[in-house]
Structure formats: C-alpha cells, structure tokens
1. Answer yes or no: is there a residue in segment 38-50 that is closer than 16 Å to Ala120 by Cβ and basic (Lys, Arg).
2. Tally time: how many residues in segment 1-24 are part of a loop (DSSP other than H, G, I, E, B) and within 17 Å of the chain's Cα centre (by Cα)?
3. Specify the residue that is surrounded by the most Cβ atoms within 10 Å (Cβ to Cβ); the eligible residues are those in segment 25-34 that are under 20 Å from the mean Cα position of the chain (by Cα) and assigned to a strand (DSSP E or B).
4. Please find, within segment 115-144, the residue that is nearest to Gly78 (Cα to Cα) out of those that are among the hydrophobic types (A, V, I, L, M, F, W, C) and without any contact (Cβ under 8 Å) to a residue 60 or more places away in the chain.
5. Just for segment 238-263: of the residues that are aromatic (Phe, Trp, Tyr) and touching a helix residue (DSSP H, G or I) at 6+ places or on another chain (Cβ under 7 Å), which one is nearest to Val225 (Cα to Cα)?
6. Among Leu95, Leu114, which is the only one that is on the phi < 0 side of the Ramachandran plot and buried (at least 19 other Cβ atoms within 10 Å of the Cβ)?
7. Within segment 85-127, which residues are farther than 18 Å from Glu168 by Cα, outside any helix (DSSP H, G or I) and touching a Ser or Thr at 6+ places or on another chain (Cβ under 7 Å)?
8. Return a yes/no flag: does segment 79-100 have any residue that is among the basic types (Lys, Arg) and either in contact with a Phe, Trp or Tyr (Cβ under 9 Å, 6 or more places away or on another chain) or within 16 Å of Thr10 (Cβ to Cβ) (or both).
Amino acid sequence: MKTKQVILITGCSKGFGLETSIVLAQKGHRVFSSMRNLKKQDKLRELSQGLPVYPLEIDVDKPSSIKKGVQYVLKQTGKIDVLINNAGLGSWGPLEEFNDQEMHHQFETNVFGLLRMTRAVLPVMRQQKQGRILNIGSLAGRIAVPGMGLYCASKYAVRALTNVLRIETQSFGIQVTVIEPGPFKTNFVENQIIPQTELKACYQTLMKKLNALNKNRFRSSATIVGLKIAEIIESSKPMKICYPVGREAHIFSLLEKILPQGFFYQRMASFFRRTAVSD
C-alpha cells in the first residue's frame, strides 16, 4: 500500500484534519482536504504550498454538499482510495444542561455526518473492490468522562459504527478502522458546544475541578496523529479494529484490559460525590 493514493479527508481547516493533510501530502499522496467553509482554508494553503493538497468545500451536515464534493474528487481522479472521517465537534458541560438543539447538533456532525460521508464513498469503493475508511474516534469513545457526556456518547457511537461497517464491507475489499487519540493540541477546547443556560449550582464545583484538570492536558502535537494515519494507510497489513494514539490513550486502553469491569466508573462516581452540592 505504499503506492500514492487518493485520499479524502473531512474537517481540515484545523486540528487533526489539517495536520494529517500535510503529513500525507508530504509523502506524495493526493489529498483532497475538505472543510465546511473554504474561507477557513488559509492555514491549509500556507502549510501545503507546493504539495498535492486540494481544498474543497464539504459540509458533512448537508447531503447535497457531500454529493458535490465526492463527485468533484471522482471527476479529478476517477477513484477514492481512502476516506478519513475527521469532521467533528466537542462539547463541554453536564448532560442535564444541554437543550435538544445542542444535543442534536453534537450527533448531527459527529455521527450522522460520518455516516453520510461513508454512504457516499462506499459505492465507489465497492466498484473499485478496494478502499480504506478511517474514522477519527477518541479516547472519550472508550472512557466516559464527566463534563463530556454528549461528546463521549457520539464517539462511542463512532466506535460501534466502525465495528459494524468493518464486518459489513470486508467482503468488498474495504477495510474500516477507528483512530482513538487522547488529548492533543488542537482547537478542540475553543470549538465546543457549551450549554447556553446558566450552570446549576449543583454542578459548579464539579465543572470547576474538571476545568482545572483539563487546563494543561492538550499539549501534544496533532502531527503525531497524522503520522500514525500515514503509517496505517501505507502498510500492506490489514488494518486493526482500533488504534489508540497518544500516551493517555495507550494507558487507558491497557487499564481497560486489566482492571475489573466498572472500577474506573466507581472512581468517577466517588469523585462526583465529593464535589456535588445541592441546588
């Protein structure tokens, strides 16, 4: 799989999508880097000068935008070897605080957007009798974290969808996997869905402590994720079901295997009780 490939990535204006686009293009792959709004392509243009990176507009929340984007790639290249479903949103706040619109927005992009993109490329890959789909999940899709409930739920869904798609498409020569990064230096914290209602008194102490814990966690370079993705798609070996990326992701992946079931969540519940106050 070290031949140069046609790669379509979503969510490339920043973060993992941006860094992965540059890494893959530096290795000679033809990278179509999509984003919701092409007015945000400046950083991608700056970093990709002289590289085979082609920005295009795809809003994963809009089927017509997806169809147009996929057709453009096919018109230019005649194939799609790899789809990287990276577009997504974070969220921060107690589950009780989110309204219906905010909850819907989280799943619209992180889950339904991923499914729309996948449905759009599967006919192409079936016809090619080959293809790779890499879904960007999260450590939060393995370990549920207070204050990130909506985001965790959406990434748990990504993990489940990946497992099902892997089975349903393997007879067509299509491989599907999920990448589960821990915390990295991206715009994740600045681009989150936050409840618009005033935080209830009973959650204020908990959220204050969680904010303090998260303050210095997002320091590792997102380029690490791009390098791991390049390693995966250039390997001749079949893709694994899941790839944890980053120190914390590997640690929690190991703990999940060796600790008694429910231990982590018992600790979480204990932490919550110590920080809870009444309304």
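Laboratory data are not the source of any read-out in this text; all were calculated from the coordinates shown. Treat the numbers as computed from the prediction; the structure is a model and nothing was measured. Neighbour counts are summed over all protein chains in view; Cβ atoms, including those assigned to glycine, are modelled from backbone coordinates with ideal geometry.
1. Restricting attention to segment 38-50, the residues satisfying the condition of being closer than 16 Å to Ala120 by Cβ are none.
Checked segment 38-50: no residue is closer than 16 Å to Ala120 by Cβ and basic (Lys, Arg).
2. Step one: filter segment 1-24 for residues part of a loop (DSSP other than H, G, I, E, B), giving 1-5, 10-14.
The next check asks that each one be within 17 Å of the chain's Cα centre (by Cα); those that pass are 10-14.
The qualifying residues number 5.
3. Looking only at segment 25-34, we keep the residues that are under 20 Å from the mean Cα position of the chain (by Cα), and these are 25, 31-34.
Adding the requirement that they be assigned to a strand (DSSP E or B) leaves 31-34.
Working: Val31: 28, Phe32: 25, Ser33: 29, Ser34: 31.
The extreme case among them is Ser34.
4. Looking only at segment 115-144, we keep the residues that are among the hydrophobic types (A, V, I, L, M, F, W, C), and these are 115, 117, 120-122, 124-125, 133-134, 136, 139-140, 143-144.
Now restrict to residues that are without any contact (Cβ under 8 Å) to a residue 60 or more places away in the chain: 115, 120, 122, 124-125, 133, 140.
Details: Leu115: 22, Ala120: 14, Leu122: 14, Val124: 9, Met125: 11, Ile133: 17, Ala140: 36 Å.
Once the filter is applied, the top-ranked residue is Val124.
5. Of the residues in segment 238-263, the ones aromatic (Phe, Trp, Tyr) are 243, 252, 263.
From the residues that got through so far, the ones that are touching a helix residue (DSSP H, G or I) at 6+ places or on another chain (Cβ under 7 Å) too are 243, 252.
Values: Tyr243: 10, Phe252: 17 Å.
Only one residue fits best here, namely Tyr243.
6. Working: Leu95 fails: buried (at least 19 other Cβ atoms within 10 Å of the Cβ).
Result: Leu114 is the single residue among Leu95, Leu114 that is on the phi < 0 side of the Ramachandran plot and buried (at least 19 other Cβ atoms within 10 Å of the Cβ).
7. Asn86, Ala87, Gly88, Leu89
8. We begin by selecting, within segment 79-100, every residue among the basic types (Lys, Arg); these are 79.
Next, from what is left, pick out any that are either in contact with a Phe, Trp or Tyr (Cβ under 9 Å, 6 or more places away or on another chain) or within 16 Å of Thr10 (Cβ to Cβ) (or both): none.
No: segment 79-100 contains no residue that is among the basic types (Lys, Arg) and either in contact with a Phe, Trp or Tyr (Cβ under 9 Å, 6 or more places away or on another chain) or within 16 Å of Thr10 (Cβ to Cβ) (or both).
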